[in-house]
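Student: Just dropping this structure here.
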Amino acid sequence: MKKLIALAFVAFLAGGVASAQHGHGNCGNCPHHAQHAQKPQAPQPQVNADGIDMAVVKAFPTVKSLEKKGKWTEVYDAQHKMLGYVVYSKPASDTIRGFNGETPVVIAFNTKKVISGVYALPNMETPKFAKVVQDAGFYNNWNGLTVKQARKKKVDTVSGATYTSRAVALSVQAALEKL
């Protein structure tokens, strides 16, 4: 038993020496440890029972199906009545970063292609900054505008969430440039 305890103690000390050589524990940030660190996973899209993204459901509560038609995605209810359109910022916004990552959006349009809402998609952004942007009503800046008007719209960033709000605005612009 004494040998087992002694071996465990030696192993413990050896681990401490290895950490001491680096001046830290397994931080995951230095080149030695970074190779073992797990990268954060992008959040999975949240979908309803029909497989429709919840951001689209928020924009069109009675949505039952979507049909991609060129650059636009048509939104239909259960009776196949068109409710409007949506356009996703991804992949055009993939290189746009907020404070902590991508800020993809979906833009909802009525049947006359006037913006009825901009909605955040699952992202890696810092939740407190995303909440500041949401609470400031930032996503409403484009409501009631046509594509042409929205492309020209200059919006002010949100104090306390400058990087996040700028990234959202750039994501909206990236989506509109596709149209």
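The values are calculated or read from the model by the stated rules, or taken from the named source; none is laboratory data. Since this is a predicted model, take the numbers as computed values, not measurements. Neighbour counts run over all protein chains shown; Cβ positions are idealised from the backbone, glycine included. We work out accessible area using only protein heavy atoms, side chains counted, and drop any ligands, DNA or RNA first. Shrake-Rupley method; radii C 1.70, N 1.55, O 1.52, S 1.80 Å.
Student: Identify, please: which residue in region 119-144 is within 13 Å of residue 59 (Cβ to Cβ) and not aromatic (Phe, Trp, Tyr) and is, among those, most open to solvent (accessible area, probe 1.4 Å)? Spell out the reasoning first.
Tutor: To start, the set of residues in region 119-144 that are within 13 Å of residue 59 (Cβ to Cβ) comprises 119-121, 139-140, 142-143.
Next, from what is left, pick out any that are not aromatic (Phe, Trp, Tyr): 120-121, 140, 143.
Details: 120: 44, 121: 17, 140: 95, 143: 64 Å².
The qualifying residue most open to solvent (accessible area, probe 1.4 Å) is 140.
Student: Checking the condition at pLDDT 95 or above and among the basic types (Lys, Arg), which residue from 128, 153 passes?
Tutor: 153 is the lone residue from the list that is at pLDDT 95 or above and among the basic types (Lys, Arg).
Student: Follow-up question, since we're still on this one. Check 116, 165 and return the single one that is under 28 Å from residue 83 (Cα atoms), at pLDDT 95 or above and buried (at least 16 other Cβ atoms within 10 Å of the Cβ).
Tutor: Working: 165 fails: under 28 Å from residue 83 (Cα atoms).
The unique qualifying residue is 116.
Student: Could you tell me whether any residue of region 6-16 is at pLDDT below 65, aliphatic (A, V, I, L, M), open to solvent by 100 Å² or more (accessible area, probe 1.4 Å) and over 30 Å from residue 103 (Cα atoms)?
Tutor: So far as region 6-16 goes, yes, one or more of its residues are at pLDDT below 65, aliphatic (A, V, I, L, M), open to solvent by 100 Å² or more (accessible area, probe 1.4 Å) and over 30 Å from residue 103 (Cα atoms).
Student: Moving to a separate point now. Of all residues in region 137-151, how many are more than 15 Å from residue 119 (Cβ to Cβ) and of a type in the set (A, V, I, L, M)? So that I can check it myself, show each step before the final result.
Tutor: Taking region 137-151 as the starting set, the residues that turn out to be more than 15 Å from residue 119 (Cβ to Cβ) are 144-149, 151.
Next, from what is left, pick out any that are of a type in the set (A, V, I, L, M): 145, 147.
So the answer is 2.
Student: Tell me whether region 36-48 contains one or more residues that are open to solvent by 80 Å² or more (accessible area, probe 1.4 Å) and either at pLDDT below 50 or within 21 Å of residue 115 (Cα to Cα) (or both).
Tutor: Checked against the condition, which is being open to solvent by 80 Å² or more (accessible area, probe 1.4 Å) and either at pLDDT below 50 or within 21 Å of residue 115 (Cα to Cα) (or both), region 36-48 yields at least one hit.
Student: Still on this structure: Mind checking which pairs have a first residue in region 157-178 that is free of Cβ contacts under 8 Å to residues at least 40 places away in the same chain and of a type in the set (A, V, I, L, M) and a second that is open to solvent by less than 50 Å² (accessible area, probe 1.4 Å) and not in a loop (DSSP other than H, G, I, E, B), Cβ under 7 Å, 6 or more apart or different chains?
Tutor: Correct list of pairs: 158/133; 158/138; 158/165.
Student: Related question: Scanning region 122-139 for residues that are in contact (Cβ under 8 Å) with a residue 12 or more places away in the chain and of a type in the set (Gly, Ala, Ser), which turns out nearest to residue 91 (Cα to Cα)?
Tutor: 130
Student: Also, I was wondering about something else. Restricting to region 69-95, give me the number of residues that are open to solvent by 50 Å² or more (accessible area, probe 1.4 Å) and touching a residue at least 40 places away in the same chain (Cβ under 8 Å).
Tutor: Residues flagged as open to solvent by 50 Å² or more (accessible area, probe 1.4 Å) and touching a residue at least 40 places away in the same chain (Cβ under 8 Å) within region 69-95 amount to 2.
Student: With the requirement that a residue be in a strand (DSSP E or B) and open to solvent by 50 Å² or more (accessible area, probe 1.4 Å), what does region 51-68 give you?
Tutor: Passing the criteria: 66, 67, 68.
Student: Working carefully through the options 147, 158, find the one that is farther than 20 Å from residue 84 by Cβ and surrounded by 17 or more Cβ atoms within 10 Å (Cβ to Cβ). Steps first, answer last, please.
Tutor: Numbers: 147 fails: farther than 20 Å from residue 84 by Cβ.
Answer to the selection: 158.
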